[in-house]
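Shown next, in structure tokens, is the structure this report addresses.
The values are calculated or read from the model by the stated rules, or taken from the named source; none is laboratory data. Here the structure is a predicted model, which means the values were calculated and not measured. In this analysis, Cβ positions are derived from the backbone assuming ideal geometry, glycine residues included, and neighbour counts consider all displayed protein chains.
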Amino acid sequence: MPDKKIVILAYDAISPLGTDLSRQWSRLCLGESGVGPLTRFALTDDFPTRIAGQIPEESLPNYPFLSPRHQAAWFSPIFRYGMLTAVRALENSGLLIDQNVGPRVAVTYSSAIGGLDALLQADRQLVRGKLPHPYANPNSCINMIGGKIAIETGATGPIFAPISACATGLSSIVTAAMLIMAGRADAAICGAVDCPLVEPICAGFYTMNGCFHEKDGVECGPEAASRPFAVDRRGFVISEGAGAVIIASDEFAKAHGLSWRAELRGWSMTSDAHHFVAPHVPTVARCMAEAIADAGLAPADIDAINAHATSTKAGDLVEYQALRQVFGVNMPPISANKSQIGHCMGAASVVESILALLALENALLPPTINYRPDPEIALADSLVAWPRRLDQRFILKNAFGFGGCNACAVFARV
């Protein structure tokens, strides 16, 4: 990545492990799972998806956008969770957005699914002969979460909603970095939120054989369902989540007396141009290799990998094959966070990027649970099965999405 240095000022996340980031990190390192019974809607006896990664029903801080009146209007959960992560991350950064700074602060906070729950609710109202809620359409707009964050924070720089399916969160960070590199902004509020636990999404992933399902009557506890790279993996666990990252140029941070926690050292985005859901080894491997090269590094310089690793048969195998192309037999240690939080859809790659950044800060790699070696995926020596102390300098984050959307980034410790 030439010219300007992109630094990470602060971040915040919400996941099935909790709404407080420090508690999520503690639970992650203890090997705990946030996956449990699906309770977001009433399940019929024949409904095929019965587990999920749900954000716990915990008390949230006292912000105006969390008031009952505000939530009555902005009722899709993407707004309370997305806005909360963005505001907390901004507060943690120490960046004060005033009339002078605001025009140079971009917003690329997005969502892969958006407020689909609002559209579903509107349709059910019409079926019952009633008109939709007056805010139904604004609640369902994918770009509205970025707009609400801009209104709340006073950021008046460039704003748009990058959408790249499950790579949305990381793509949000990368596209914000582009704006800073192009001189169009000095700082940015990045991230993504998704709350996909509605009937059509859950059932739809089942019918396309994507999400976890029981097989041959063999049952397991919900916490054992998400099994990245494991021989008995059977699809991802659908989850909710949100994450925000505040980035800036190092010149801007220095000029405003702001410290930073890490650097975005390099990145790449590629398109598979191959299949609408199945990933493609050549373009996935190229994305990783380009991100490493953009960071001015060689594969041997990468200390750890935060894998995409959804627990699907095809996806995990392709990621492994691409990793072998890039790293050969000398694979760095690998963590797969979805084993504990499930798949947070568009928010997955930003939540996991934040966990990767915490791993850098704490010199500690969280475990990958539920792993049973697969003969086709020779990762037994690389996959971190227990928390591992590691003095990391560079970590590679992978993210791949439907439509062949790939994004990879290298984060560096400061």
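Scanning the range 40-49 turns up no residue that is of a type in the set (Lys, Arg), assigned to a loop (DSSP other than H, G, I, E, B) and modelled with pLDDT under 95.
Looking only at the range 28-84, residues that are among the charged types (D, E, K, R) and free of Cβ contacts under 8 Å to residues at least 40 places away in the same chain come to 6 in all. The numbered conditions (1) within 18 Å of the chain's Cα centre (by Cα); (2) assigned to a strand (DSSP E or B) are all true for Ala248 except (1). Take Phe229 and decide whether it is in the same structural domain as Phe394 (by TED's automatic domain parsing), in contact with a Phe, Trp or Tyr (Cβ under 9 Å, 6 or more places away or on another chain) and part of a loop (DSSP other than H, G, I, E, B). So Phe229 does not fit the description; no.
Just one of the listed residues (Arg233, Arg265) is crowded, with 19+ Cβ neighbours inside 10 Å, touching a strand residue (DSSP E or B) at 6+ places or on another chain (Cβ under 9 Å), farther than 25 Å from Ser33 by Cβ and not acidic (Asp, Glu), namely Arg265.
Within the range 208-230, being free of Cβ contacts under 8 Å to residues at least 60 places away in the same chain and loosely packed, with under 14 Cβ neighbours inside 10 Å holds for Asn209, Glu214, Lys215, Asp216, Gly217, Val218, Glu219, Gly221. Of the numbered conditions (1) over 19 Å from the mean Cα position of the chain (by Cα); (2) farther than 30 Å from Ala52 by Cα; (3) crowded, with 24+ Cβ neighbours inside 10 Å, Leu323 fails exactly one; give the number of that condition. With respect to (1) over 19 Å from the mean Cα position of the chain (by Cα); (2) farther than 30 Å from Ala52 by Cα; (3) crowded, with 24+ Cβ neighbours inside 10 Å, Leu323 is out only on (2). Within the set Ser111, Ser140, Ser164, Ser171, the sole residue that is closer than 21 Å to Ile14 by Cα, of a type in the set (S, T, N, Q) and in contact with a Pro (Cβ under 9 Å, 6 or more places away or on another chain) turns out to be Ser171.
Each row is one residue, and each column tells you yes or no for (1) assigned to a helix (DSSP H, G or I); (2) more than 14 Å from the chain's Cα centre (by Cα); (3) surrounded by fewer than 21 Cβ atoms within 10 Å (Cβ to Cβ); (4) at pLDDT 95 or above.
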site	(1), (2), (3), (4)
Ala348	yes, no, no, yes
Leu355	yes, no, no, yes
Thr368	no, yes, no, yes
Arg372	no, yes, yes, yes
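Within the range 32-46, being among the β-branched types (Val, Ile, Thr) and within 27 Å of the chain's Cα centre (by Cα) holds for Val35, Thr39. Within the option set Gly217, Gly183, being at positive phi, at pLDDT below 95 and small (Gly, Ala, Ser) holds for one residue only, Gly217. Looking across the range 50-71, the residues that are in a loop (DSSP other than H, G, I, E, B), of a type outside the set (Phe, Trp, Tyr) and either farther than 21 Å from Ala347 by Cα or out of contact with any helix residue (DSSP H, G or I) (no Cβ under 6 Å at 6 or more places or on another chain) (or both) come down to Arg50, Gln54, Ile55, Pro56, Glu57, Glu58, Ser59, Pro61, Asn62, Ser67. Count of the range 140-189 residues, restricted to those that are surrounded by fewer than 24 Cβ atoms within 10 Å (Cβ to Cβ), among the polar types (S, T, N, Q) and under 30 Å from Leu120 (Cβ atoms), is 4.
Go through the range 107-158 and tell me which helices (runs of 4 or more DSSP H), entirely inside it, have 3 or more residues that are under 28 Å from Arg88 (Cβ atoms) and touching a helix residue (DSSP H, G or I) at 6+ places or on another chain (Cβ under 6 Å). Ranges flagged: 136-140, 144-153. Just to verify a result, which residue in the range 191-206, among those that are touching a residue at least 60 places away in the same chain (Cβ under 8 Å) and in a helix (DSSP H, G or I), is nearest to Ile159 (Cα to Cα)? It comes out as Ile201.
Screening Ser259, Ser271, Ser239, Ser249 for residues that are modelled with pLDDT of 95 or more, within 25 Å of Asp20 (Cβ to Cβ) and surrounded by fewer than 23 Cβ atoms within 10 Å (Cβ to Cβ) leaves exactly one candidate, Ser259.
Hey, does the range 394-404 have a residue that's more than 29 Å from Ala86 (Cβ to Cβ) and touching a residue at least 12 places away in the same chain (Cβ under 8 Å)? The answer is no, given that none of the residues of the range 394-404 is more than 29 Å from Ala86 (Cβ to Cβ) and touching a residue at least 12 places away in the same chain (Cβ under 8 Å). Residue-level check: of (1) polar (S, T, N, Q); (2) more than 18 Å from Thr168 (Cα to Cα); (3) assigned to a helix (DSSP H, G or I), Thr85 misses just (2). His280 fulfils the conditions (1) at pLDDT 95 or above; (2) assigned by TED's automatic domain parsing to the domain that holds Val329 except for a single criterion, (1).
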